[in-house]
Amino acid sequence: MAEERDVFENFDKSIFSEDENARYRNATTTTIAPTGTLSIIAGCSSGIEPLFALSFIRRVMDNDELIEINPYFEQVAKERGFYSPELMDKIARRGSIHDMEEIPEDVREVFITAHDVTPEWHVRMQAAFQKSTDNAVSKTVNLPRDASVEDVFKVYNLAYELGCKGVTIYRDGSKENQVLSFEEGKTETTTSMADVQDRPETLDGFTTKMVTGMGNLYVTVTELDGWPFEVFATIGKSGKSTTAKTEAIGRLVSLALRSGVKVEKIIEQLKGICGEHPVFQKDGLILSIPDAISRVLEKRYLNDKDHKAHHKHENSLLGETCPDCGQTISFEEGCMTCHFCGFTKCG
């Protein structure tokens, strides 16, 4: 092809230019394409990726849950005589069989899962294939939930040192809804009363008046160490039912704050709830009483630059947010992609 059409345009700037005998029409000839969806259709392993888990829950479409069990492991378990429904249920909760002594050691050594492999060896596996592949090799380095920013730095530095052309990391649990998961390791969201922070006798705070379709709303927020501790909401001249609901919202928000729920999560839940009488005011359309409460909290604790400068959030691996829907956005295969609304920065 090079004899007929000449070499590719940037041949003189490529690594082949130093070889007098090299004449290539194509800059790259070998590749390992991402095979996530294709492997599901074909019923085979996903390229150079280790098994995510021997039994896991796959979330697809509108959060439909599909429970999957590796057929080869199930076959070996039956042939070797250690299969039982109880054991399969236990594996489904844990994902890995690494520490399960009731399973023969030689079987455990074969059926290694993604979280059994240390991040360093995920990178070394990718580098081994990259040596003989022209294009960048696509692979995910699976990190545990407690991975730190420093752990991510180590992965990227090692990938660079070993000659990888790119690297992708995913920290388990970094998305509220992730495609693959297993039950053990999920964070419990229940909170006992013993976990609720005691209220000091005296707290500073502020009160904001908001105009809503149900009347004037007065939102009082008390603060502890510069962050919201309690929320009291009262609505005027709207009847007993609306007054009761408004008070209930304030009490539940206060309980959540005193139980350690971050203010941005509360804002996320309340913002955008639409009531029967939306109303415009100077800061825009107020959809409902809970929406108005979220606006007060958002303006004070998320949009106030002076407040954020004095109370910086801890480093997070959650990444940037989608400009279209506001959900957490992922960096995958060289592009910023949102799995919630389909936004892509490369599109």
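Values for this structure:
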read-out	value
Of residues in the stretch 155-199 being acidic (Asp, Glu) and within 30 Å of Val253 (Cα to Cα), the one modelled with the lowest pLDDT	Glu188
Exclusive hit being modelled with pLDDT of 85 or more and surrounded by 12 or more Cβ atoms within 10 Å (Cβ to Cβ), set Leu252, Leu285	Leu252
Pairs with Cβ under 6 Å, 6+ apart, first in the stretch 244-258 and free of Cβ contacts under 8 Å to residues at least 40 places away in the same chain and within 17 Å of Lys271 (Cβ to Cβ), second assigned to a helix (DSSP H, G or I) and hydrophobic (A, V, I, L, M, F, W, C)	Ala256/Ile266
Verdict on Lys209 being under 18 Å from Ile286 (Cα atoms), modelled with pLDDT of 90 or more, of a type in the set (D, E, K, R) and in the same structural domain as Ser288 (by TED's automatic domain parsing)	yes
Subset of the stretch 29-56 that is among the polar types (S, T, N, Q) and in a helix (DSSP H, G or I) - its residue that is surrounded by the most Cβ atoms within 10 Å (Cβ to Cβ)	Ser39
Single residue of Tyr83, Tyr156, Tyr160 found to be surrounded by fewer than 17 Cβ atoms within 10 Å (Cβ to Cβ), of a type in the set (Phe, Trp, Tyr) and not in a helix (DSSP H, G or I)	Tyr83
Flag if Ile91 is in the same structural domain as Ala147 (by TED's automatic domain parsing), under 33 Å from the mean Cα position of the chain (by Cα) and loosely packed, with under 13 Cβ neighbours inside 10 Å	no
Residues of the stretch 200-235 satisfying the condition of being small (Gly, Ala, Ser) and touching a Ser or Thr at 6+ places or on another chain (Cβ under 9 Å)	Gly205, Gly213, Gly215, Ala233
All positions within the stretch 195-215 that are without any contact (Cβ under 8 Å) to a residue 60 or more places away in the chain and within 19 Å of Glu298 (Cα to Cα)	Asp204, Gly205, Thr207, Lys209
Out of Ser241, Ser294, sole residue that is out of contact with any Pro (no Cβ under 9 Å at 6 or more places or on another chain) and at pLDDT below 90	Ser241
Neighbours by Cβ (under 6 Å, 6+ apart or cross-chain): first from the stretch 87-111, at positive phi; second surrounded by 14 or more Cβ atoms within 10 Å (Cβ to Cβ) and of a type in the set (Gly, Ala, Ser)	Gly95/Ala53
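The values are calculated or read from the model by the stated rules, or taken from the named source; none is laboratory data. Since the model is a prediction, treat every value here as computed from it, not as a measurement. A quick note on method: Cβ atoms are made from the backbone with ideal geometry, for glycine too, and the neighbour counts reach across all protein chains shown.
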